[in-house]
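Peer 1: I have a structure here, written as structure tokens, and I will follow up with some questions on it.
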Amino acid sequence: MNRVELQAIAQRELDQRQSYRCRLLCCASTPCISSGGTAVQKAMEEAIKANGLNAEVVTVATGCMGPCSRGPMVTVQVQGQPDVIYERVTPEVAEQIVARHAVAGEPVADHVMPSNLPFFTKQTKVVLSNSGLIDPERLEDYIAVGGYSALAHVLREMTPEEVCAEISKSGLRGRGGAGYPTGLKWDLVRKAPGERKYVVANGDEGDPGAYMDRTLMESDPHRVLEGMAIAGYAVGATQGFIYVRGEYPIAAKRLEKAIRAAERRGLLGSRILESTFNFRIDIRIGAGAFVCGEETALMASIMGRRGQPVPRPPYPAQSGLWGCPTLINNVETFGCIVPIIQKGASWFASMGTAKSKGTKIFALAGKVNNTGLIEVPMGITLREIVFDIGDGIPGGRKFKAAQTGGPSGGCIPAEHLDTPVDYESLRALGSIMGSGGLIVMDDQSCMPDVAKFFMEFCMDESCGKCVPCRVGTVQMYRILQRITNGSATLRDLEILEELCEMVRDTSLCGLGQSAPNPVLSTLRYFREEYLQHIQEHRCPAGVCQMTEVPIIELVHRPIARAAAASPVAS
């Protein structure tokens, strides 16, 4: 296939779309499938057939539409009319949508979701611009919206050096959490000596409540593949790997199907788009270990070894897979590449802040009215995300904290709601951007209990290779257990803080180094809650089940309080 044929396919597909008076876009992402989306699409197809509308109306299984808590979602596109989005669609409602909206043009008002909600208007779709609008399992759908035109452009018009320079100019930083400049990383791999190089897409997101990467791989797999192919051309690699969590079967299936379709059309494999560039992509399925999100452990897993981290340097850019220079980026990072090439680095850099450019995808979860997947400009405030896009806290309860960055992140209290969401601002508050998990908590959340939850996760997911992480997380968890059951002392709190510093400073990899973050951030902003558990033997939020206090503890506590309050102690 060449550039002209690519354009011809796009035009044929657009003409085919125009032949239908109405298109019914049915969300087929994991959340909507789990809430009955497959039955909804089947009911629509049967209704179309029963009404003799096969030549006029078509159903399309798409990726995620965003407001996952309101699924199953359906978007109705009628020529010459604005799109109408339906929420919480059942098979019975699906039949009404076909009979009333598709046939008579009369929306089923009870299930219409207003398109002017802040949930939609405050977002800026860049990486997710195709999500919910195209069939992720049809290559032609992707080509119709400009798919693989960016790859054709770089192969025909740009040198590898120019591609790296364009990505650097855009200001794109790694979306996996570390925020390392993407263009600089590409250039390091490009300049690294070696005849064989690799490109790896890290799709192993393991943060509780996070599903940004899964959704992108499910909703727009070809965008990830095209971004990887452009990266392969830029750094001089001929082989790529996508590392996908074993818990993501739909994403793995759609990626596999997309790879095979692209290979048949000459968009991956040998002599891509009739050029001299060769690039293959294979999938590797992870076994669910959180530590395999760390790049050295991920590479070990790809090579068939046990997924454990190794000290750096050397960094993957110098010595990665099988000792060869290797470029590793998060799948969302690769999702940014195509729009940067299509619209220019300056366009991308015009969004965001001075040091955090572009947009970021977040999985908005927890105690918030609108949960789901969102894409917002860097620098938007936490308040806008929670109270505008998220529509506030259910039941009118008070916002207490937002946890960003998963087990590696921290909790941000209400007094910092107006903080811009960017790499530097979050780090200054003791949290991180992470891969994009954002969990909202209300005044019924107990912060020591939240810290215990994340510490238990880190303890279970530790690979056990280094003592600080293997032993330190267990000891921190045990202290948090004592705090939340009311049997801890002030000395336990001192030891907990000492352990946090030790584990952070001496662990081998990022999992251990960041494991104390939820504890440290909750201690920083909610220390009073820890003291209430320890000194007053009560949980202000009413979450923790307090045990009976031992007699010796009843004797010790007044002494400890008096000592803490004395001038000598201060």
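Peer 1: Cα axis of helix 182-191 to longest principal axis of the chain: angle in degrees, 0 to 90, nearest 10?
Peer 2: That works out to roughly 70 degrees.
Peer 1: Give me Cys27, Cys463 ranked fewest to most by other Cβ atoms within 10 Å of their Cβ, as a rough exposure proxy. Walk me through the intermediate numbers first.
Peer 2: On the way: Cys27 30, Cys463 21.
Ordered from fewest to most neighbouring Cβ atoms within 10 Å, Cys27, Cys463 come out as Cys463, Cys27.
Peer 1: If neighbour count is taken as other Cβ atoms inside 10 Å, put Ile9, Ile242 in order from fewest to most.
Peer 2: Ordered from fewest to most neighbouring Cβ atoms within 10 Å, Ile9, Ile242 come out as Ile9, Ile242.
Peer 1: For Cα pairs less than 8 Å apart in space and 6+ apart in sequence, what is the mean separation divided by the residue count of the chain, i.e. the relative contact order in percent?
Peer 2: Averaging sequence separation for qualifying contacts and normalising by length gives 13 percent for the chain.
Peer 1: How large are Rg and Dmax for the stretch 19-176 when calculated on the C-alpha trace, in angstrom?
Peer 2: Computed over the Cα atoms of the stretch 19-176, radius of gyration and Dmax are 18.4, 57 Å.
Peer 1: Report the full-extension gain for the segment Met303 to Glu263: residue separation times 0.36 nm, less the Cα-Cα distance, to one decimal in nm. Provide the component values of the computation, followed by the final result.
Peer 2: Working: separation 40, 0.36 × 40 = 14.40 nm, distance 2.36 nm.
Contour length minus the Cα-Cα distance gives 12.0 nm.
Peer 1: From the convex hull of the Cα coordinates of the stretch 455-534, what is the mean projected area in square nanometres?
Peer 2: Projected over every direction and averaged, the Cα hull of the stretch 455-534 covers 4.6 nm².
Peer 1: So what does log10 I(q)/I(0) come out to for the stretch 376-451 at q = 0.18, 0.21 Å⁻¹, using the Debye formula with one equal point on every Cα and no solvent?
Peer 2: Scattering profile of the stretch 376-451, log10 relative to I(0): -0.66, -0.91.
Peer 1: Of all GluC sites (Glu not before Pro) in the stretch 184-235, which ones are in loop regions per DSSP and have a Cβ with at most 10 other Cβ atoms within 10 Å?
Peer 2: Glu195
Peer 1: Now, a different point. Given R₀ = 45 Å, what would the calculated FRET efficiency be for Glu162 paired with Ala287, taking r from the Cβ atoms and rounding to 0.05?
Peer 2: 0.70
Peer 1: Can you tell me the 0 to 90 degree angle between the C-alpha axis of helix 467-485 and the longest principal axis of the chain, rounded to 10?
Peer 2: 70
Peer 1: If you don't mind, another one. If r is the Cβ-Cβ distance from Asp443 to Glu256 and R0 is 60 Å, what FRET efficiency results, to the nearest 0.05?
Peer 2: Once rounded, the FRET efficiency stands at 0.85.
Peer 1: Obtain the nm distance between the two label points defined at Val474 and Ala178 by a simple spin-label model: each point lies 7 Å from its Cα along the Cα-to-C-beta direction.
Peer 2: Taking the two extended label points, one gets 2.9 nm.
Peer 1: Could you sort 349-362, 494-507 so that the peptide with the highest average Cβ count within 10 Å comes first and the rest follow in order?
Peer 2: Ranked by mean Cβ neighbours within 10 Å, highest first: 349-362, 494-507.
Peer 1: A further question follows. Would you mind getting the Kirkwood hydrodynamic radius of the stretch 1-102 from its Cα pairs, rounded to one decimal in Å?
Peer 2: On the way: mean 1/r = 0.0703 Å⁻¹.
For the stretch 1-102, the Kirkwood estimate is 14.2 Å.
Peer 1: Can I ask one more? Between the helical axis of 331-343 and the dominant principal axis of the chain, each derived from Cα atoms, what acute angle in degrees is found, rounded to the nearest 10?
Peer 2: 50
Peer 1: With the Cα gyration tensor of the stretch 146-349 in hand, give its eigenvalues times 5 under a square root as the equivalent ellipsoid semi-axes, listed largest first in whole angstrom.
Peer 2: With the √(5λ) rule applied to the stretch 146-349, the semi-axes are 23, 19, 17 Å.
Peer 1: Quick one: plug the Kirkwood hydrodynamic radius of the chain (C-alpha pairs) into Stokes-Einstein at 25 °C, 0.890 mPa s, and report D in µm²/s.
Peer 2: 97
Peer 1: 7 Å from Cα along Cα→Cβ at both Asn116 and Gln481: what's the point-to-point distance in nm?
Peer 2: 5.6
Peer 1: Quick check on my link table: of Lys191/Lys360; Lys122/Lys357; Lys169/Lys355; Lys257/Lys343, which ones sit more than 22 Å apart, alpha carbon to alpha carbon?
Peer 2: Too far apart for the 22 Å limit: Lys191/Lys360; Lys257/Lys343.
Peer 1: If you don't mind, there's one more thing I want to ask. Of Met546, Met441, how do they rank once you tally other Cβ atoms within 10 Å and put the fewest first?
Peer 2: Met546, Met441
The numbers here are math on the coordinates, done by the rules we state, and not lab data. Here the structure is a predicted model, which means the values were calculated and not measured. Positions of Cβ are generated from backbone atoms using ideal geometry, with glycine treated the same way; all protein chains shown enter the neighbour counts.
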